[in-house]
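Working notes, beginning with the structure itself.
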Amino acid sequence: MKDFQDKTVYQIYTKSFMDSNGDGLGDIRGVIERLDYLKDLGVDYIWLTPFFKSPLNDNGYDVSDYRAIDPIFGTMEDVEELIAEADKRGLNLMFDMVFNHTSTEHEWFQKALAGDKKYQDYYIFWDGTPDTPPTNWVSKFGGSAWEWAPQVGKWYLHLFDKTQADLNWDNPQVREEVKDILRFWRGKGVKGFRFDVVNLISKPAVFEDDDAGDGRRFYTDGPHVHEYLKELTADTGLNDLLTVGEMSSTSLDNCVRYTNPEEKELSMVFSFHHLKVDYKDGDKWALKEPDLKELTELLTTWQTQMQESGGWVANFWCNHDQPRAVSRFGSDTKYWKESAKMLATCAHLLRGTPYIYQGEEIGQTNAGFDSIEDYRDVESLNYFNILQQNGTSEEDALEILRQRSRDNGRTPMQWDASPGAGFTTGTPWIAPPANYKTINVQAEIQDPDSILNYYKRLIALRHENPVISRGDIEFLYADVPGVLAYRRTLGDKQLTVLNNFTDKGISLDLPDPAAVQTKVLGNYDDSAVEDGRFTLRPFETVVY
Ligand code: TEU
């Protein structure tokens, strides 16, 4: 397996990145227009969220044809041009493959509904009566994970929206279909794939009620998942492509197996435990301040054990399903710039491959919507109702969405201060936060101290210093609350990274003075060393 340790990946949420034709929706030609920006930023790989044919109930994660482009995003010619233009600039494209489920509008599902037994076996249909679903499993978007299909008198499983029917990976024909799709895109010059919720593809042999939970323990990291991933990689020659699996509610042990090169499964994984430290009792829809102790402990454990077992992670704070990290773990007011730079440094210098989510590099914040009318996401709209049905007031439900909605990460890329934020000349499908007038690419390009220019240095640093891409990691100051500090070592090269996750100053004993002689990067001008002690200022990050 090829490794991708010295690479940086940039994620584009296609619908919100750049609109080339004024219809208010981001599109492929818009991405082409901004390739020079990404080249200048210095990233190596670009992951685009799905733009395949889709009814767009889940913004493209409900695919109805994996080999066709949805007209709102453009045409096959546009995609081919994008691949060629990226290639010219030495940029590699990664496509987002959603193979746990298809849209119910997919031809396979339509044939299944029409009674075709071959295609019924592509999905998870269950005989029964319309009054009782086969199990009590809960959909990730709320409600039952089963939907009754009156056309065939059967239930079908959908772990997400009812228009996203789960595929039956135990059927070898399904696996062959998936491989063919991968070969198709590979043949067009795609250099990597992100696999959506790929650790949910293997369902248990027996379907039973979950008395202790929502069902996830039966299908998460399921019985044949490793076998199926090995088969996929071997049969489509994915070994030299960058592959990243999105792992929902996964375990460390499984992530080692997914990514240890000897297993020949995937290059790296996303896991989400560190992004649940502000869930009250594990509930995304119950608010709590981030538990910094839990956060630093989780990162420390995962980093250390992945290193010991030869696994490899994708490091990230943001994506299209998450609120903006600067609003969540940093400060989107007083220490906006400092905290955005600190979070970036922390993630980019850990052991693993860093991912930047569009707008993160300019410090984009949560949406700050006041009205339910502003929201678009199916999950947010469902939970707005569910919360109120369970007794939460409308006002509180809105406050929960303001902090938790996936739409916080889906507002348009803020290119400039013009109406439409430079994203569109029309009406954006979702509004940008009011701060686009000051937080935007155009403003930051000109400011040498901007978050954007800081990101450029950080990305370049990885290319220049193998200690960042290949060094070992050990953690420092583990007992100091609010601090995540670590040392990277490769041969005689050492890098010491100190991060303050709080808005208070923190005083530390000086570590090995030799290790802190040369400052490489930081978000405060002067030095943090005073009278033999470090004082880490609010959200300070410093790299020696
Ligand atoms: O997300 C998987 C997933 O389980 C979560 O990120 C989910 O949205 C969240 O935890 C619910 O609280 C992937 C995609 O990234 C997401 O956009 C899709 O909606 C989902 O799969 C279905 O394809």
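Gly522 meets each of the listed conditions (1) at pLDDT 95 or above; (2) under 14 Å from Leu476 (Cα atoms) apart from (2). For the range 147-161, which residues satisfy the criterion of being surrounded by fewer than 23 Cβ atoms within 10 Å (Cβ to Cβ) and not basic (Lys, Arg)? Correct list: Glu147, Trp148, Ala149, Pro150, Gln151, Val152, Gly153.
Candidates are the residues of the range 241-260 that are within 13 Å of the ligand (Cβ to nearest atom) and under 17 Å from Gln305 (Cβ atoms); the one that is nearest to the chain's Cα centre (by Cα) is Met247. Taking (1) touching a Ser or Thr at 6+ places or on another chain (Cβ under 7 Å); (2) open to solvent by 20 Å² or more (accessible area, probe 1.4 Å); (3) touching a residue at least 24 places away in the same chain (Cβ under 8 Å) in turn, Pro223 satisfies each apart from (3). Would you mind stating whether Phe218 is within 16 Å of the ligand (Cβ to nearest atom) and open to solvent by 30 Å² or more (accessible area, probe 1.4 Å)? So Phe218 fits the description; yes.
All conditions but one from (1) over 15 Å from Val63 (Cα atoms); (2) within 25 Å of the chain's Cα centre (by Cα); (3) not in a helix (DSSP H, G or I) apply to Arg194; the one that does not is (1).
I need the full set of residues from the range 7-42 which are open to solvent by 30 Å² or more (accessible area, probe 1.4 Å), hydrophobic (A, V, I, L, M, F, W, C) and without any contact (Cβ under 8 Å) to a residue 60 or more places away in the chain, in order please. None; the set is empty. Residues of the range 355-406 being open to solvent by 10 Å² or more (accessible area, probe 1.4 Å), part of a helix (DSSP H, G or I), of a type in the set (S, T, N, Q) and out of contact with any Phe, Trp or Tyr (no Cβ under 9 Å at 6 or more places or on another chain), which ones? Within the range 355-406, Asn385, Gln388, Gln389, Gln403 meet the criteria. If the condition is being open to solvent by 20 Å² or more (accessible area, probe 1.4 Å) and touching a strand residue (DSSP E or B) at 6+ places or on another chain (Cβ under 7 Å), then the range 51-63 contributes Lys53, Pro55.
Of all residues in the range 261-301, those that are outside any loop (DSSP other than H, G, I, E, B), open to solvent by 30 Å² or more (accessible area, probe 1.4 Å) and more than 16 Å from the ligand (Cβ to nearest atom) total 10.
Residue under question is Tyr355, and the condition is that it be in contact (Cβ under 8 Å) with a residue 60 or more places away in the chain, closer than 21 Å to Leu495 by Cβ, within 16 Å of the ligand (Cβ to nearest atom) and of a type in the set (Phe, Trp, Tyr); does it hold? When the stated conditions are applied, Tyr355 passes them.
I'd like to check something: does the range 116-136 contain any residue that is surrounded by fewer than 20 Cβ atoms within 10 Å (Cβ to Cβ), within 18 Å of Ser54 (Cβ to Cβ) and touching a residue at least 40 places away in the same chain (Cβ under 8 Å)? So far as the range 116-136 goes, no, none of its residues is surrounded by fewer than 20 Cβ atoms within 10 Å (Cβ to Cβ), within 18 Å of Ser54 (Cβ to Cβ) and touching a residue at least 40 places away in the same chain (Cβ under 8 Å). Annotation: of all residues in the range 162-183 being of a type in the set (Asp, Glu) and over 25 Å from the mean Cα position of the chain (by Cα), the one that is least open to solvent (accessible area, probe 1.4 Å) is Glu177.
Of all residues in the range 494-518, those satisfying the criterion of being within 25 Å of Phe329 (Cα to Cα) and in a loop (DSSP other than H, G, I, E, B) are Phe501, Thr502, Asp503, Lys504, Gly505. Does Gln307 fit the bill of being in contact with a Lys or Arg (Cβ under 7 Å, 6 or more places away or on another chain), assigned to a helix (DSSP H, G or I) and open to solvent by 20 Å² or more (accessible area, probe 1.4 Å)? Judged against the criteria, Gln307 is a match. Can you find, within the range 64-112, the residue that is farthest from the ligand (Cβ to nearest atom) among those that are open to solvent by less than 10 Å² (accessible area, probe 1.4 Å) and among the small types (Gly, Ala, Ser)? My answer is Ala86. For the range 482-503, the set of residues classified as open to solvent by 20 Å² or more (accessible area, probe 1.4 Å), free of Cβ contacts under 8 Å to residues at least 40 places away in the same chain and touching a Leu at 6+ places or on another chain (Cβ under 9 Å) consists of Arg487, Thr489, listed by residue number.
Scan the range 310-353 for residues that are part of a loop (DSSP other than H, G, I, E, B), surrounded by fewer than 24 Cβ atoms within 10 Å (Cβ to Cβ) and among the basic types (Lys, Arg) and the total you get is 2.
In the set Ser20, Ser64, only one residue is more than 26 Å from His106 (Cβ to Cβ) and small (Gly, Ala, Ser); that residue is Ser20.
The values are calculated or read from the model by the stated rules, or taken from the named source; none is laboratory data. Just so we're clear, the structure is a prediction, and the values are computed from it rather than from any experiment. A quick note on method: Cβ atoms are made from the backbone with ideal geometry, for glycine too, and the neighbour counts reach across all protein chains shown. Surface accessibility is based on the protein's heavy atoms, side chains included, excluding ligands, DNA and RNA. Shrake-Rupley method; radii C 1.70, N 1.55, O 1.52, S 1.80 Å.
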